[in-house]
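Heads up, the thing below is written out as structure tokens.
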Amino acid sequence: MSVGTAAPYRIRGGIDSLNSRLHKTGLRVFLVIVLAHWAEHLTQAVQIYAMGWPVPEARGVLGIPFPWLVTSEWMHYGYALVMLVGFILLRPGFSGTSRIWWNITLGVQVWHHFEHLLLLIQALSGAYLAGRAVPTSIIQLLAPRVELHLFYNALVTLPMVIAMVVHTRTDDAAARCTCAVRA
């Protein structure tokens, strides 16, 4: 095997390991990332609706010491990309009903990623959608950004959790991992 052909084999081998012997660990790490993101959005919602903070001041947990994080479209886009890549990389480990639910969440994340890409392009170009004063996503034309992101996170998380529960509660012969709770 030449040096130029070794990398694709290592990548395929890594993805295969991630979806077999490392699938449970990969899913747990991914879930921690998702829950940390939820914590940020829920903290921001509490700051706005329970504590009465103005939206620009409600920056979640990390946004308090690092306010530039909340206004950075790069950070938001980066998270959307990490999520998309995670859903794609972990997808081969699912089969049957759990794969259907994983595909649903992947589809929602594809749209969510597109919206963040649109926001990033606007931030970089200075040309904003519909003549708005700030970068604006398509659905943000209909719903405020804070509420929209809570909704998007719910749309991504709910089928993801269903997929993970179904995946771990079934004795699926097609599963190549050790995620399933077996009797």
Quiz item: Are any of the residues in segment 119-131 within 18 Å of Leu27 (Cα to Cα) and in contact (Cβ under 8 Å) with a residue 12 or more places away in the chain?
Solution: no
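In this structure, is Ser98 outside any helix (DSSP H, G or I), small (Gly, Ala, Ser) and either in contact with a helix residue (DSSP H, G or I) (Cβ under 8 Å, 6 or more places away or on another chain) or surrounded by 16 or more Cβ atoms within 10 Å (Cβ to Cβ) (or both)? Give the derivation first.
Numbers: outside any helix (DSSP H, G or I): no; small (Gly, Ala, Ser): yes; either in contact with a helix residue (DSSP H, G or I) (Cβ under 8 Å, 6 or more places away or on another chain) or surrounded by 16 or more Cβ atoms within 10 Å (Cβ to Cβ) (or both): yes.
When the stated conditions are applied, Ser98 does not pass them.
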Quiz item: Just wondering, is there one or more residues in segment 20-30 that are modelled with pLDDT of 90 or more, within 21 Å of Phe151 (Cα to Cα) and either within 15 Å of the chain's Cα centre (by Cα) or outside any helix (DSSP H, G or I) (or both)?
Solution: yes
Self-check item: Test result for Thr170, in contact (Cβ under 8 Å) with a residue 24 or more places away in the chain, out of contact with any Leu (no Cβ under 9 Å at 6 or more places or on another chain) and either crowded, with 17+ Cβ neighbours inside 10 Å or closer than 30 Å to Ser20 by Cα (or both)
Solution: yes
Quiz item: Which one of these does Pro144 not meet: (1) in contact with a Pro (Cβ under 6 Å, 6 or more places away or on another chain); (2) over 21 Å from Gly26 (Cα atoms)?
Solution: (1)
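The values are calculated or read from the model by the stated rules, or taken from the named source; none is laboratory data. These numbers were taken from a predicted model, which means no experiment stands behind them. Cβ atoms come from the backbone with ideal geometry, glycine included; neighbour counts cover every protein chain shown.
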